[in-house]
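This is the structure, below, for whatever I ask next.
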Amino acid sequence: MAIKIISDCINCGACEPECPNTAIYEGGASWTFAGGTTLKGTIDFGDGTTIDANAPQPALASDIYYIVPEKCTECVGFHEESQCAAVCPVDACVPDPDYVETKEELMDKKNWLHG
Ligand code: SF4
Ligand code: SF4
């Protein structure tokens, strides 16, 4: 299950550097698949859609930090617990029920991001 940041976020920025997948971005900032991963060139999702790994993607939040679900592995493959949740002073990093994934799926995602 991906982690998401809720509106309690106070924009302290503590979580951003802790993410092993660079899945956390400041509100309003664009994100990329390539940032903090080994993904490069054209990514083929196998469903007819492709995307340039370096192409800036629209921010998912404008006023608080946000997590890109496609890049969050719940820290599986790197740490025993979610690092963002561990450092957040206001417990604003919580499981996102819209992105339920098994440990195996999270490990596959980690291997895809850092293949
Ligand atoms: S749970 Fe881990 S991988 Fe997901 S956003 Fe937080 S620090 Fe990044
Ligand atoms: S650590 Fe918590 S409060 Fe600080 S930016 Fe991240 S989500 Fe927001």
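Each value in this text was obtained by applying a stated rule to the coordinates, not by laboratory testing. Because the structure is predicted, anything quoted here is derived from the model rather than measured. Counting neighbours? That spans all protein chains shown, and the Cβs are built from the backbone with ideal geometry, glycine included.
In the range 7-28, is there at least one residue being within 14 Å of the chain's Cα centre (by Cα), away from ligand 1 (no atom under 13 Å from the Cβ) and over 20 Å from Val76 (Cβ atoms)?
yes
State the number of residues belonging to the range 63-115 that are touching a Pro at 6+ places or on another chain (Cβ under 7 Å) and of a type in the set (Val, Ile, Thr).
Here the count works out to 0.
Would you confirm whether any residue within the range 92-100 is of a type in the set (Val, Ile, Thr), surrounded by fewer than 13 Cβ atoms within 10 Å (Cβ to Cβ) and in a loop (DSSP other than H, G, I, E, B)?
Yes, there is a match, as at least one residue in the range 92-100 is of a type in the set (Val, Ile, Thr), surrounded by fewer than 13 Cβ atoms within 10 Å (Cβ to Cβ) and in a loop (DSSP other than H, G, I, E, B).
Filter the range 13-32 down to residues that are touching a helix residue (DSSP H, G or I) at 6+ places or on another chain (Cβ under 9 Å) and part of a loop (DSSP other than H, G, I, E, B) and give me whichever is surrounded by the most Cβ atoms within 10 Å (Cβ to Cβ).
If we take residues in the range 13-32 being touching a helix residue (DSSP H, G or I) at 6+ places or on another chain (Cβ under 9 Å) and part of a loop (DSSP other than H, G, I, E, B), then Ala23 is surrounded by the most Cβ atoms within 10 Å (Cβ to Cβ).
Do we have any residue at all in the range 65-85 that's over 16 Å from Lys109 (Cβ atoms) and exposed (fewer than 11 other Cβ atoms within 10 Å of the Cβ)?
Checked the range 65-85: at least one residue is over 16 Å from Lys109 (Cβ atoms) and exposed (fewer than 11 other Cβ atoms within 10 Å of the Cβ).
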